[in-house]
Amino acid sequence: MTALDERVVKLARFIKYWATRRCINNRAQGTLSSYTLILQVFYFLQNRTVPILPKFMEIELDSNDDRRLFITDSNDIYKKCGYLGQNNETITQLVFDFFRFYSDKQFQGGRKGATVDLYTNTVVDNTLGVLVMKCPITGKNVNPFTIRMWQSIYREFRRVNEYISQERPVSQICQKADLPPLEREAEVKRYHTLLLKQLVAHVNSMKPAPKATAALRWT
């Protein structure tokens, strides 16, 4: 797939760079694997108004194997899919639209999630409350998430989309994070809790001391 159009590699490299800078490209930490990112790129490019990549079902080979097999020769794929090579979008347009696409509310998770099936080229709701990317070869979920983790990742996609709408520079979009999003959120929460405690202590220190009450005398 990556050999079919030079924009595929360029887009994938930028997305991986961004995800690495934002600490969300480490499956061992529960975030996005590199395979998940490339599948996100594939699905996005397969579903442009003029597709940049073919759908997997279009290039499937007949096979008795349990694993699906696909045409791999670029020339054969171009012959089979006549629309390839006709999309003229710039890499900048694709970057902007990639984040606009994956920041859509259908992917936010929570009560319901979204399953992206690369083989059938569909997005359907799921009850897991997270993004599920299904491998086109095995049909399996390639990157399980917890709901809290996925929603923190989704907020990173939404953040970029907001920054793009504000015309922020790439340096801000790809600003380096020191921690994964959930850990950053925990740090912010601890910081706010500490500030609140300090504020309460300061206010209490400014209160006047209560006056002593004179003792009553009985005659």
Note down the magnitude of the dipole of region 50-165 about its Cα centre, charges +1 on Lys and Arg C-beta and -1 on Asp and Glu C-beta and zero elsewhere, to the nearest 20 debye.
600 debye
Sorted by packing (mean other beta-carbon atoms within 10 Å per residue), highest first, where do 135-142, 111-118 land?
111-118, 135-142
Taking R0 as 45 Å, what's the FRET efficiency between Asn64 and Ile147 from their Cβ-Cβ distance, rounded to 0.05?
0.70
Over the chain, what per residue volume does the convex hull of the Cα atoms give, in whole Å³?
189 Å³
Dipole magnitude of the chain about its Cα centre (Cβ charges: Lys, Arg +1; Asp, Glu -1), debye to nearest 20
1540 debye
Work out the P(r) tail for region 27-84: percent of alpha carbon pairs separated by more than 18 Å, whole number.
48 percent
Any idea what angle helix 147-165 forms with the longest principal axis of the chain, computed on alpha-carbon atoms, 0 to 90 degrees, nearest 10?
80 degrees
Crossing angle, helix 34-46 versus the chain [Cα axis fit, 0-90 degrees, rounded to tens]:
60 degrees
Nearest 10 degrees is fine. How inclined is helix 6-21 to the longest principal axis of the chain, computing both from alpha carbons?
20 degrees
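Here, each number is a calculation from the coordinates, and none is a lab measurement. On a predicted model such as this, the values are computed, not experimentally measured, just so you know. Don't worry about glycine lacking a Cβ; one is built from the backbone with ideal geometry, like all the others, and counts go over all protein chains shown.
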